[in-house]
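Student: Mind having a look at this structure? Questions to follow.
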Amino acid sequence: MSRREKRGLSVHELAIRRLERDYPQARRRGFSRAVLKVFTDADNETRPVSLIPDLWWQAAPVDGWPGDMICIGVEDRNPVSATKLHEYAELWFDLDFVDCELRLYVTDRWGHELKSVSLHDCYYAQFDARQAEK
């Protein structure tokens, strides 16, 4: 991509393109359809998925098990809020029930610092907080 082409792009879009270069299997669209397919393939109840990660992909299935789902969020325009993190943690729990691992990574606005978010810890921290309220 030439400098002239880069000039018209936002920092967020440049980060997305950098990540697409580093992870060519990543997609921008189709996440909710892929999640619903995992649930229906497992003959499990489905629920609507409102999450839209900046990038995502699904690893290849292994021995009949669905492949891991990997999501990346660029924390620039749309940081992973507490509400969004709660949704990811709930989805992690639901997918874990059908033996599919959901992984979330966040990166800085430039697409350089990729950090893993423990959805396991997030889910059980929320669970503990709900139990303490009772």
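Student: What fraction of the DSSP beta bridges in region 9-111 is antiparallel, stated in percent and rounded to the nearest 5? Let's see the in-between values first.
Tutor: On the way: 6 of 12 bridges.
Antiparallel bridges: around 50 percent, rounded to the nearest 5.
Student: Counting other C-beta atoms within 10 Å, which of Thr40, Thr107, Thr83 has the fewest, and how do the rest follow?
Tutor: Values: Thr40 12, Thr107 21, Thr83 8.
Ordered by Cβ neighbours within 10 Å, fewest first: Thr83, Thr40, Thr107.
Student: Only Lys, Arg, Asp and Glu count, each charged at its Cβ (+1, +1, -1, -1), so figure out the dipole size of the chain about its Cα centre, rounded to 20 debye.
Tutor: Values: 20 positive and 23 negative charges, 218 e Å.
Using only the charged Cβ atoms, the result is roughly 1040 debye.
Student: Based on the Kirkwood radius over alpha-carbon pairs, what is the Stokes-Einstein translational diffusion coefficient of the chain at 4 °C with 1.567 mPa s viscosity, in µm²/s?
Tutor: Working: Rh = 16.0 Å.
For the chosen part, D equals 81 µm²/s.
Coordinate-derived values only; no laboratory data. None of these values were measured; they are calculated from a predicted model. Cβ coordinates were reconstructed from backbone atoms using ideal geometry, including for glycine residues, and neighbour counts include every protein chain displayed.
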